[in-house]
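Student: The structure follows.
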Amino acid sequence: MISESTKNLHIAIFASHKGTNMQAIIDACRRGDLNGEVCAVISNNSDSQALEKARIAGVPEYHLSNKTHPEDDELDEAICTVLAESGADIIALAGYMKKLGPKVLKQYKGRILNIHPSLLPKYGGKGMYGAYVHRAVIDAGENITGVTIHLVEEEYDTGKIIRQCEIEVLEGDTIDSLSKRVLERENAFYVETLKLISEGVIKL
């Protein structure tokens, strides 16, 4: 449990691709906008931009996947070891495209956040990420979409919702234009939410 007196969050970020939200969190910590530090970046993709951005920022980065640990239980254990050694007290999933193992889920229960580009429970679940979400929103004729930050459970997008914000779907929006606008809001919204957690306003 993260106590009300927590002043400096030790954040481990999991990312599989570009690491845009990850970079926003790193930058906010460096500027002093967020009272915390990114203590580890973990990716299941050895070629991810997230790992490269972490290296440039001087943040400890790790490629951990079924390529490095072929057995799922070994991978789960390796991730737990990195988290323990890094001193992480909260995990922020930021475009992480692999399910977490049972040991990580148990040890960090209630302290694992994920950000999703819709207003859950709408447009969530297995296979609903990125462009697939935005295509579904546009195809359904929605006027409003948004961003959800929720706790991570065993099943995709089912954990307790921590915060949501709405984003208007504009006439003529394409998947690309909507994706860009949602991602810009995600970057700030994740930082804002972590700041509220560090201040004890949101209690995990």
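Student: In region 1-16, what residues are modelled with pLDDT under 95 and in contact with a helix residue (DSSP H, G or I) (Cβ under 9 Å, 6 or more places away or on another chain)?
Tutor: Answer for region 1-16, where residues must be modelled with pLDDT under 95 and in contact with a helix residue (DSSP H, G or I) (Cβ under 9 Å, 6 or more places away or on another chain): 2, 6, 7, 8.
Student: Please find, among 204, 178, 183, the residue that is in contact (Cβ under 8 Å) with a residue 24 or more places away in the chain, closer than 21 Å to residue 96 by Cβ, part of a helix (DSSP H, G or I) and among the aliphatic types (A, V, I, L, M).
Tutor: Details: 204 fails: part of a helix (DSSP H, G or I); 178 fails: closer than 21 Å to residue 96 by Cβ.
Just a single option satisfies the conditions, and that option is 183.
Student: Would you say residue 175 is more than 30 Å from residue 8 (Cα to Cα) and surrounded by fewer than 21 Cβ atoms within 10 Å (Cβ to Cβ)?
Tutor: Values: more than 30 Å from residue 8 (Cα to Cα): yes; surrounded by fewer than 21 Cβ atoms within 10 Å (Cβ to Cβ): yes.
Yes; evaluated as a whole, the condition is true for this residue.
Student: Which one of 169, 147, 182 is under 13 Å from the mean Cα position of the chain (by Cα), more than 30 Å from residue 78 (Cα to Cα), among the β-branched types (Val, Ile, Thr) and crowded, with 19+ Cβ neighbours inside 10 Å? Please lay out each step first, then the result.
Tutor: Values: 169 fails: under 13 Å from the mean Cα position of the chain (by Cα); 182 fails: under 13 Å from the mean Cα position of the chain (by Cα).
One residue alone meets the criteria, 147.
Student: Okay, moving on. Got a sec? Which of 103, 122, 109 is without any contact (Cβ under 8 Å) to a residue 60 or more places away in the chain, assigned to a helix (DSSP H, G or I) and of a type outside the set (A, V, I, L, M, F, W, C)?
Tutor: Working: 122 fails: assigned to a helix (DSSP H, G or I); 109 fails: assigned to a helix (DSSP H, G or I).
One residue alone meets the criteria, 103.
Student: Tell me, please, whether a residue that is in a helix (DSSP H, G or I), out of contact with any helix residue (DSSP H, G or I) (no Cβ under 8 Å at 6 or more places or on another chain) and of a type in the set (S, T, N, Q) can be found in region 44-52. Spell out the reasoning first.
Tutor: So in region 44-52, the residues in a helix (DSSP H, G or I) come out as 49-52.
Filter once more, so that each one left must be out of contact with any helix residue (DSSP H, G or I) (no Cβ under 8 Å at 6 or more places or on another chain): 49, 51-52.
Among the residues that remain, those that are also of a type in the set (S, T, N, Q) are: 49.
Yes; the residues of region 44-52 include at least one that is in a helix (DSSP H, G or I), out of contact with any helix residue (DSSP H, G or I) (no Cβ under 8 Å at 6 or more places or on another chain) and of a type in the set (S, T, N, Q).
Student: Another question, if that's okay. Output the residues belonging to region 157-204 that are modelled with pLDDT of 95 or more, closer than 13 Å to residue 119 by Cα, out of contact with any Leu (no Cβ under 7 Å at 6 or more places or on another chain) and β-branched (Val, Ile, Thr).
Tutor: Those that are modelled with pLDDT of 95 or more, closer than 13 Å to residue 119 by Cα, out of contact with any Leu (no Cβ under 7 Å at 6 or more places or on another chain) and β-branched (Val, Ile, Thr): 167, 182.
Student: Could you grab the pairs with beta carbons closer than 6 Å, sequence gap of 6+ or different chains, first residue in region 38-56 and without any contact (Cβ under 8 Å) to a residue 60 or more places away in the chain and surrounded by fewer than 22 Cβ atoms within 10 Å (Cβ to Cβ), second one of a type outside the set (Gly, Ala, Ser) and part of a loop (DSSP other than H, G, I, E, B)?
Tutor: Hits for this filter: 44/98; 49/18.
The values are calculated or read from the model by the stated rules, or taken from the named source; none is laboratory data. Keep in mind that this is a model prediction, so the values were computed, not measured. Note that each Cβ is placed from the backbone with ideal geometry, even for glycine, and that neighbours are counted across all protein chains shown.
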